[in-house]
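Below: one structure, written as structure tokens.
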Amino acid sequence: MRSSAQMLALVLVLCLMLPFVSAQNEPKINASDQIILPLDGSIKPVILQCNLTSAHTPHKESFWMKNGNEITNTRTEHRHTTYRITKPRADDSGEYMCVYTFDMAPNANATIEVKAKPDIIGHKRSENKKEGENATLYCKSVGYPHPIWSWHKVDGASNTNTDIDNSTGRFFITNRENYTELNILYLDINTDPGVYECNATNLIGTTAETTILRVRSHLAPLWPFLGVLAEILILVVIIVVYEKRKRPDDIMDDDEPVGPLKTNSTNNHKDKNIRQRNMK
């Protein structure tokens, strides 16, 4: 009979050998190396490949996944499987995985990273607010790895950028994987208007976009009404000045009574005198 010490030693040996045996029994997959998408205009198809070189049990099928989600219409029974990206864009970057399934063993997989420079696909071109209100600027991107975000205010006169962070108490930046948001509280009409830039940077490259922030006065909605009121006042003043400067002669001519018209009896009398002279 083996002693307890011998049994313990045997168990320890088996535990140490178990990972080695498991590693020997794991399927082997040859996969493509990481790929960097060329986004400089020279668009060429990209082909991802995986090949199941060895497995101790027959495999059932294989399929492809992107960022943890299965890609439709990629299931096949072949040991060698490919996935083709016909027109690669930044949105096509991410973590791809070829997965092999087995009837009598756990699934096996291999990961291929497809990387690309960030591409900002959504942002506000401009934002119009009133002084004292809050403004929200944002940027959305695609690309992998996920970018590091930063915000700047652009000074066009000196061509310099001022970094923006959360230390002022009025500026608050919220970053997620492919999204960033800048909130500005209690807008100041003197200091806050201008051009704001969001910057997305990863290991492959950098992309930036700008937003124009305009801040109006509280009286801005009244300007149209005040403009109409000013035009009416000017028109009234012109009429009053014109009436005061009108010539007195024009006034008298308008008030002068029209002289008496000559009657028919007078005309008949003159005709009678003329006839009497002619008879003499």
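What follows is calculated from the coordinates using simple rules that are stated; it is not laboratory data. Everything quoted here is computed from the prediction, not taken from an experiment. Cβ atoms come from the backbone with ideal geometry, glycine included; neighbour counts cover every protein chain shown.
Can you order the peptides 237-244, 141-148, 62-69 by their average number of other Cβ atoms within 10 Å per residue, highest first?
Values: 237-244: 9.2, 141-148: 21.4, 62-69: 15.5.
Top to bottom by mean Cβ count within 10 Å: 141-148, 62-69, 237-244.
Qualifying GluC sites (Glu not before Pro) in the range 71-175, where qualification requires a DSSP coil assignment and no more than 11 other C-beta atoms within 10 Å, comprise Glu77.
Between Arg89 and Glu113, the simple label model (points 7 Å from Cα in the Cβ direction) yields a spacing of 2.4 nm. Of interest is the spacing of the C-alpha centroids, which for the range 119-187 and the range 200-215 amounts to 8 Å.
So if we plug the beta-carbon distance of Asp165 and Asp103 into 1/(1 + (r/R0)^6) with R0 = 45 Å, what FRET efficiency do we get, rounded to 0.05?
On the way: r = 56 Å, r/R0 = 1.24.
Calculated value: 0.20.
The calculated FRET efficiency for Glu70 paired with Tyr179, based on their beta-carbon distance and R0 = 30 Å, is about 0.75.
Using the Cα atoms as the points, what is the convex hull volume per residue of the range 123-170 in Å³?
Output value, Cα hull per residue: 134 Å³.
Using 0.36 nm per residue and subtracting the Cα-Cα separation, the extra length available between Thr82 and Glu26 on full extension is 18.0 nm.
Against the globular-protein guess of 2.2 N^0.38 Å, express the Cα radius of gyration of the range 104-146 as a ratio, rounded to two decimals. Walk me through the intermediate numbers first.
On the way: Rg = 20.3 Å, N = 43, 2.2 N^0.38 = 9.2 Å.
Normalised by 2.2 N^0.38 Å, the Cα Rg of the range 104-146 equals 2.21.
Measuring r between the beta carbons of Lys130 and Ile238 and using R0 = 22 Å, the FRET efficiency lands at 0.05. Computed over the range 39-79, the P(r) curve from all C-alpha pair distances, binned at 5 Å from the origin, holds 5, 15, 21, 20, 16, 11, 6, 3, 2, 0 percent per bin. Principal axis extents of the Cα atoms in the range 71-144, from largest to smallest and rounded to whole angstrom, are 68, 27, 19.
When N is the residue count of the range 72-217, what does its C-alpha Rg come to as a fraction of 2.2 N^0.38 Å?
On the way: Rg = 21.4 Å, N = 146, 2.2 N^0.38 = 14.6 Å.
The value comes to 1.46.
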